[in-house]
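Please read the structure below before turning to the comments.
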Amino acid sequence: MSPYEKKHNESVSDDVVWHHSTVTHADRVQLKQQKPVVLWFTGLSGSGKSTIANAVESKLLSLGKHSYLLDGDNVRHGLNKDLGFSDEDRVENIRRIGEVAKLFVDSGAIVLTAFISPFISDRQQARALVEKGEFLEVFIDTPLAICEQRDPKGLYKKARAGEIKHFTGIDSAYEAPEQPEIHVHTDNLSVDECAEFVVARLEAMGYLTAEERKFQEDNSHAL
Ligand code: ADP
């Protein structure tokens, strides 16, 4: 029984059973030659999750790594377009993303998710879906004042004007990670420096090797 099968124990009815696949998780990992993992970016709106996750994904590409970025706004256009921003819908939003991330990890990919995901319990639930070591919390730690100053989508302005309710950091809580595996302090760093920090931490934790990093440095000009 694969670890994914084991963790997928809540089926809708007794008639819905897990179908064994001939090609296993181990086969896919072997083919891709990488450690599959979820890099779960969390932080306030405008903290830089999408921007840094994008830059990290580019670096992973230059290392020959297979990755996929699940981005907040994009997912809300499709998979989660039926969901709003009530507490209930936010929980369901993160639950579905966790399930999708799990499928990508099962496929052998490195998944990057960029969602505010403000609640500790929701992030814990996403972590619990995959095996130990397959989930790294990446805290994009940017002070609220800076996020509000950047306001890339004009959302803080609207929230302050009362046009958006339950906006994280304004009138809805953001529960910061207590022990994130990767803690990025973005103030005083460029986007590239932030991404470089994440990749260096991945190397330090054994998700990438020094040889692969050397390859990236040698080839970065080509991308
Ligand atoms: P989020 O996905 O967290 O809502 P975005 O990535 O959409 O945030 O927006 C962050 C904005 O801040 C972008 O416009 C980005 O260019 C800008 N920015 C400035 N400095 C940084 C930095 N050091 N790291 C990340 N983003 C930064």
Consider Gly84 carefully, then state whether it is modelled with pLDDT under 95 and touching a strand residue (DSSP E or B) at 6+ places or on another chain (Cβ under 7 Å). no
Subset of region 29-52 that is of a type outside the set (A, V, I, L, M, F, W, C) and surrounded by fewer than 16 Cβ atoms within 10 Å (Cβ to Cβ) - its residue that is farthest from the ligand (Cβ to nearest atom): Gln30
Please find, within region 105-126, the residue that is least open to solvent (accessible area, probe 1.4 Å) out of those that are without any contact (Cβ under 8 Å) to a residue 40 or more places away in the chain and not charged (D, E, K, R). Ser121
Quick check, is Lys153 away from the ligand (no atom under 14 Å from the Cβ) and either without any contact (Cβ under 8 Å) to a residue 40 or more places away in the chain or open to solvent by 50 Å² or more (accessible area, probe 1.4 Å) (or both)? no
Of the numbered conditions (1) under 16 Å from the mean Cα position of the chain (by Cα); (2) open to solvent by less than 60 Å² (accessible area, probe 1.4 Å); (3) away from the ligand (no atom under 13 Å from the Cβ), Ser86 fails exactly one; give the number of that condition. (1)
Collect the residues in region 64-82 that are open to solvent by less than 80 Å² (accessible area, probe 1.4 Å), more than 17 Å from Val138 (Cβ to Cβ), away from the ligand (no atom under 14 Å from the Cβ) and in contact with a helix residue (DSSP H, G or I) (Cβ under 9 Å, 6 or more places away or on another chain), keeping them in residue-number order. Gly64, Asn80
Is at least one residue of region 102-110 in a helix (DSSP H, G or I), under 15 Å from the mean Cα position of the chain (by Cα), within 11 Å of the ligand (Cβ to nearest atom) and modelled with pLDDT of 95 or more? no
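This table checks each residue for (1) near the ligand (Cβ under 9 Å from one of its atoms); (2) farther than 14 Å from Gly48 by Cβ; (3) open to solvent by less than 20 Å² (accessible area, probe 1.4 Å).
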residue	(1), (2), (3)
Asp141	no, no, no
Gly162	no, yes, no
Ala176	no, yes, no
Pro180	no, yes, no
Thr186	yes, no, yes
Ala195	yes, no, yes
Tyr207	no, yes, no
Of the numbered conditions (1) more than 12 Å from the ligand (Cβ to nearest atom); (2) free of Cβ contacts under 8 Å to residues at least 24 places away in the same chain, Ser190 fails exactly one; give the number of that condition. (1)
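The values are calculated or read from the model by the stated rules, or taken from the named source; none is laboratory data. All figures in this text were calculated on a predicted structure; none of them were measured in a lab. Every residue, glycine among them, receives a Cβ derived from its backbone with ideal geometry; neighbour counts consider all protein chains shown. Keep in mind that these areas ignore ligands, DNA and RNA; they rest on the heavy atoms of the full protein, side chains included. Shrake-Rupley method; radii C 1.70, N 1.55, O 1.52, S 1.80 Å.
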